[in-house]
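Working notes for the structure below.
The values are calculated or read from the model by the stated rules, or taken from the named source; none is laboratory data. None of these values were measured; they are calculated from a predicted model. We place every Cβ from the backbone using ideal geometry, glycine too, and count neighbours over all the protein chains shown.
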Amino acid sequence: MKTLKLNEPTQRKTIGRWSGTLLVAAGMQVLALPHLNAQTKDKQITDSGITAVVEKGFKQEKGVVPDTVDVSTSQGIVTLSGSLDNLLAKERAVRIAESIRGVRGVIDQTIVTPVSRSDDEISRDITSALKQDPATQSSKVTVSVQDAVATLAGTVGFYGEKRLATRIAEGVRGVKAVQNNVTISYLTSPSDAQIASDIKSRLQWDIWINGDLVKAVVVNGNVTLTGTIGSAISKSRAEDDAWVNGVMSVDDKGVVVAPRTGTATHQEQDYAARSDSDIKKAILASLRLDPRVSAYAPDVTVEDGGVILGGNVGNLKAKTSAGEDAKDIVGVWRVDNLLQVKPTAQPTDAQIESQLKAALAWDPLIDGDTITVGVTKRIVHLSGSVDSSFDKSEAQDLASRIDGVLSVRNNLKAEPEFSYNNSSYWPYYTYGDWPYYSYYDGGLYNNQVLNYDYGMYEPPLYMTDDQIKKSIRDEFFWSPFVDNSDIKVSVTGGVATLTGTVGTRIGMGEIDSDAYQGGATNVIDQVKLKHHAWWWWW
């Protein structure tokens with residue numbers, strides 16, 4: 001048995017984390033500047049441009065990242081400073097910054113000044129949240145709180161459980177910081193060679209990463225990652241992927257983020273189609289590392305890259321998590337999530353309602369007083385109003401994590417009430433147990449119909465068709481997952497028509513929402529996914 005105890009604070013994006021990146025940036029200044037500012041047809045990547053787009057992203061997240069967060073950029077390294085009132089918003093701000101093309105790293109200097117609550121109240125709510133969540137209710141994690149800093153201790157079986165405990169603790173109102181001292185006690189002790197092989201496989205099967213350009217060296221279970229990657233969000237994902245069974249620590253300072261420009265010459269990693277049997281193995285491996293799914297044994301069927309998930313899971317969140325895991329595997333083009341929710345516990349509707357109201361009350365992102373909860377035959381009905389679509393999605397996620405819930409009917413109204421059909425998802429929501437703040441409408445996201453089909457954005461000021469077209473082009477340019485040059489945009493009467501090709505499912509999901517954010521009143525999406533192209537590179 002291999003035991004690992006990590007004592008580091010859980011604020012992962014700190015000056016210490018990025019000190020190696022800053023040294024690389026300083027040493028490669030002469031090389032970095034020409035690449036970072038490479039000329040494109042219409043735009044170039046500049047520090048001032050990155051700052052502006054990050055600030056715009058914060059403003060679009062109404063009620064999540066406040067105006068008290070300041071942004072500055074130097075050599076593609078974004079520094080965030082100022083204050084927020086909760087840890088989830090702090091993490092969210094980092095994710096938004098990481099998702100912008102040209103960002104090579106994020107230094108998070110923001111401080112959290114939460115609402116004032118007693119340490120006893122905070123400790124009680126974190127303990128309740130851990131016991132209430134189906135994925136952690138049987139874990140041996142203990143909580144202590146001093147001066148609003150929560151310390152987690154105990155033992156878990158793998159890294160995903162440790163990270164999930166942090167996410168749950170951060171989701172309690174009043175917490176200023178989380179110190180995760182949980183010990184990971186592995187059931188087996190794989191060799192360094194086996195660990196390296198497992199990491200290589202994880203990286204190569206992750207649609208967010210070109211695994212062939214990131215290498216892992218393992219010595220006594222300690223992992224060092226080196227190589228080149230195309231975006232800061234993908235770098236963070238690569239670090240998470242490296243936490244396979246037996247890993248003691250992960251050092252990713254040797255991974256250099258080298259953003260490609262929107263129309264720069266690039267190579268597309270056009271791999272041969274993956275076999276269905278290999279895709280199935282990769283999905284099963286991913287499910288085993290997901291703490292929400294690992295306790296169950298979903299049936300996985302793969303036919304020509306289409307995935308069918310069957311069998312039973314114990315809660316609604318496990319079902320949606322399994323679908324998300326499957327669709328992040330290279331070669332998967334569709335997921336039909338037919339998993340049945342069969343809770344082992346049989347709470348009454350009144351018990352479910354009570355637990356959900358408690359969760360809404362301690363969540364720092366939303367005001368539970370504006371949400372009405374009803375439960376009928378273990379189906380949750382949410383009504384009332386919230387500040388943003390993000391809040392609406394957070395309430396949805398909280399409901400899905402209540403043991404015994406079979407489905408959720410989300411009738412919350414997000415302000416302002418301006419909506420569009422949106423089947424996209426955002427790259428900075430896709431791991432760390434953040435819910436998918438997206439709106440499933442079948443196809444790849446055919447997990448469950450949840451009366452949940454609209455994204456909310458403020459209506460833009462009047463724009464001419466040419467202005468909308470340029471604005472949409474700008475949105476494409478700043479996404480690290482969309483190649484501006486391969487998509488044609490035309491706008492007539494505010495309606496944008498998109499044609500051409502895109503080389504990744506991530507980009508495929510993002511282009512519609514980019515167009516709406518650019519000012520389109522409606523979008524006709526005729527863009528096709530390039531055959532066997534799962535990611536972009538240059």
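For the reader, a short list of remarks on this structure follows.
- All positions within segment 109-142 that are of a type in the set (Val, Ile, Thr) and in contact with a helix residue (DSSP H, G or I) (Cβ under 7 Å, 6 or more places away or on another chain): Thr110, Val112, Ile126, Thr136, Val141
- Set Val300, Val330: member being modelled with pLDDT of 95 or more and surrounded by 17 or more Cβ atoms within 10 Å (Cβ to Cβ): Val300
- Qualifying residue in segment 174-181 (condition: of a type in the set (A, V, I, L, M, F, W, C), surrounded by fewer than 18 Cβ atoms within 10 Å (Cβ to Cβ) and at negative phi): no
- Among the residues of segment 369-389, the one identified as in a helix (DSSP H, G or I) and crowded, with 23+ Cβ neighbours inside 10 Å is Ser389.
- Subset of segment 202-235 (residues that are under 30 Å from Val54 (Cβ atoms) and assigned to a loop (DSSP other than H, G, I, E, B)): Ile207, Trp208, Ile209, Asn210, Gly230, Ser231
- Residue match in segment 343-362 (condition: touching a Lys or Arg at 6+ places or on another chain (Cβ under 6 Å), in a loop (DSSP other than H, G, I, E, B) and in contact (Cβ under 8 Å) with a residue 12 or more places away in the chain): no
- Taking the listed residues Gln137, Gln194, the one that is outside any strand (DSSP E or B), surrounded by fewer than 22 Cβ atoms within 10 Å (Cβ to Cβ) and touching a Leu at 6+ places or on another chain (Cβ under 8 Å) is Gln137, with no other qualifying.
- Checked against (1) in a helix (DSSP H, G or I); (2) within 30 Å of Arg124 (Cα to Cα), Lys281 passes all but condition (2).
- Applying the condition of being touching a strand residue (DSSP E or B) at 6+ places or on another chain (Cβ under 7 Å) and in contact (Cβ under 8 Å) with a residue 40 or more places away in the chain to segment 318-329 and asking which residue is farthest from Leu406 (Cα to Cα) yields Asp328.
- Options Arg124, Arg95: the member that is out of contact with any Leu (no Cβ under 7 Å at 6 or more places or on another chain) and more than 16 Å from Pro364 (Cβ to Cβ): Arg95
- Of the strands (runs of 3 or more DSSP E) entirely within segment 46-124, those holding at least 2 residues that are in contact (Cβ under 8 Å) with a residue 60 or more places away in the chain and farther than 24 Å from Ser393 by Cα occupy 105-108.
- Residues that are crowded, with 22+ Cβ neighbours inside 10 Å and either assigned by TED's automatic domain parsing to the domain that holds Gly509 or outside any helix (DSSP H, G or I) (or both) were ranked within segment 310-327; the one that is nearest to the chain's Cα centre (by Cα) is Asn315.
- Test: Gly154 is small (Gly, Ala, Ser), on the phi > 0 side of the Ramachandran plot and assigned to a loop (DSSP other than H, G, I, E, B): no
- Filter result for Asn220 (modelled with pLDDT of 95 or more and over 27 Å from Arg124 (Cβ atoms)): yes
- Checklist (1) at positive phi; (2) crowded, with 22+ Cβ neighbours inside 10 Å applied to Gly82, failing item: (2)
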